[in-house]
Amino acid sequence: MRRISHYSTYTFLVLALMLSCSSGGDGDGISVTPTPTPTPTPPPVTVPAPSSATLSFPENNKVCETGTDASATQSTILFQWVAAANATAYDLRITNSDTQGVTLINSIDGTQREVTLEKGMPYAWQITSKATGTNETAQSPAWKFYLAGDGVENYAPFPADLLSPDSGATVSVSESGKISLNWSGEDPDGDTLTYTIYIDQTDGLQEPIATNVTETSLEVDAEKDTVYYWRVKSSDGENSAFSQIYAFRTGA
């Protein structure tokens, strides 16, 4: 019995010593990795959309804008506008209303730009406002002016603006088989205008359906589910100008 007790005591002491060495002390040999604190994601920056610019010069419907002579056939015009809220750059678009040729100047960082254009032509101009950090834009209204030509005493009318049907539109034919054409016209000299109306299923260049129209709207016969092309010729009795050609479809 004494021998068994001696070995039992010895075994107990060894086990106690092993436990005290493995679990006690200052924790040498044990590495604890702290959990990293996640970095918060900053909220997205919202860039406000630009507003439309206010046009200043050339003035709208200016009869004889002269500009500065660049050659016998061209003049230089200074285009000016008022800065738009939130805008950082501007696109200037100038359309020759007679030929439909376009002059486009992109990313202007100020509020004016000189442009050389052909004399004796009607023009329309417009500003698109842009802002860094957003794809949203804003367009100003389009203003018209006539660039003076040498020795011109009477200017042709501005090409008519086709209001409805708009290009690409689908319109309904009335029960009486009619649709309404609507446009607007202006003359830089203030002359009274008459209109010639073209509408066909080919190209808008065929024989007119009405002449010497004094109003700016006209009801015309139309078939359902058909594509039509139309344009308007404006005349002041001495000179004339054609509008663009618009295409539209009638509903089934």
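The values are calculated or read from the model by the stated rules, or taken from the named source; none is laboratory data. Remember, it's a predicted structure, so these values are computed and weren't measured experimentally. Positions of Cβ are backbone-derived with ideal geometry, glycine not excepted, and every protein chain shown enters the neighbour counts. The protein model used for the area step is the full one, side chains on, heavy atoms only, and it has no ligands, DNA or RNA in it. Shrake-Rupley method; radii C 1.70, N 1.55, O 1.52, S 1.80 Å.
With θ set to phi - 60°, apply the Karplus curve 6.51 cos²θ - 1.76 cosθ + 1.60 along segment 176-191 and write out the HN-Hα couplings as whole Hz, x wherever there is a Gly or Pro.
8, x, 10, 10, 10, 9, 9, 8, 9, x, 9, 10, x, 8, x, 6
Bins of 10 Å, beginning at zero and ending with the bin holding the largest distance: percent of Cα pairs per bin for segment 171-218, please.
Answer for segment 171-218: a P(r) of 21, 46, 27, 6, 0 percent.
What list of whole percents do you get for P(r) of segment 40-145, with Cα-Cα distances grouped in 10 Å bins up to the one holding the largest distance?
Here the calculated profile for segment 40-145 is 15, 43, 25, 11, 4, 2, 0.
Which pairs, out of Lys144/Lys178; Lys62/Lys130; Lys144/Lys233; Lys178/Lys233, put more than 29 Å between their alpha-carbon atoms? Intermediate values should be presented prior to the final figure.
On the way: Lys144/Lys178 32 Å; Lys62/Lys130 27 Å; Lys144/Lys233 18 Å; Lys178/Lys233 21 Å.
The pairs that break the limit, which is 29 Å between Cα atoms, are Lys144/Lys178.
Relative to the first principal axis of the alpha-carbon coordinates of the chain, what is the inclination of helix 2-23, with its axis defined by its Cα atoms, in degrees from 0 to 90 and to the nearest 10?
30 degrees
5 Å is the cut-off here: which amide hydrogens, built 1.01 Å from N in the peptide plane, fall below it relative to Lys119, excluding neighbours closer than 5 in sequence?
Gln74, Ser75
Return one quarter of the surface area of the convex hull spanned by the alpha-carbon atoms of segment 68-199, equal to its mean projected area, in nm².
Averaged projected hull area, Cα only: 11.4 nm².
Give the Kirkwood hydrodynamic radius (Å, one decimal) of segment 56-98, defined as one over the mean of 1/r across all pairs of different Cα atoms. It would help to have the intermediate numbers written out before the result.
On the way: mean 1/r = 0.0788 Å⁻¹.
Across segment 56-98, the inverse of the average 1/r is 12.7 Å.
What base-10 log of the normalised intensity I(q)/I(0) is obtained for segment 110-151 from the Debye formula, alpha carbons as equal point scatterers, at q = 0.18, 0.29, 0.30 Å⁻¹?
Here log10 of I(q) over I(0) equals -0.68, -1.09, -1.11.
Just the number please: accessible area per residue for the chain, 1.4 Å probe, all protein chains included, in Å². Before the final figure, lay out each step's value.
On the way: 15380 Å² over 252 residues.
With all protein chains present, the chain gives 61 Å² per residue.
So what's Rg/Rh here for the chain, counting alpha carbon atoms and using the Kirkwood radius for Rh?
On the way: Rg = 39.1 Å, Rh = 24.0 Å.
Rg divided by Rh gives 1.63.
For Phe242, what charge total do you get from the other residues with a beta carbon under 11 Å from its beta carbon, if Lys and Arg give +1 and Asp and Glu give -1?
+1
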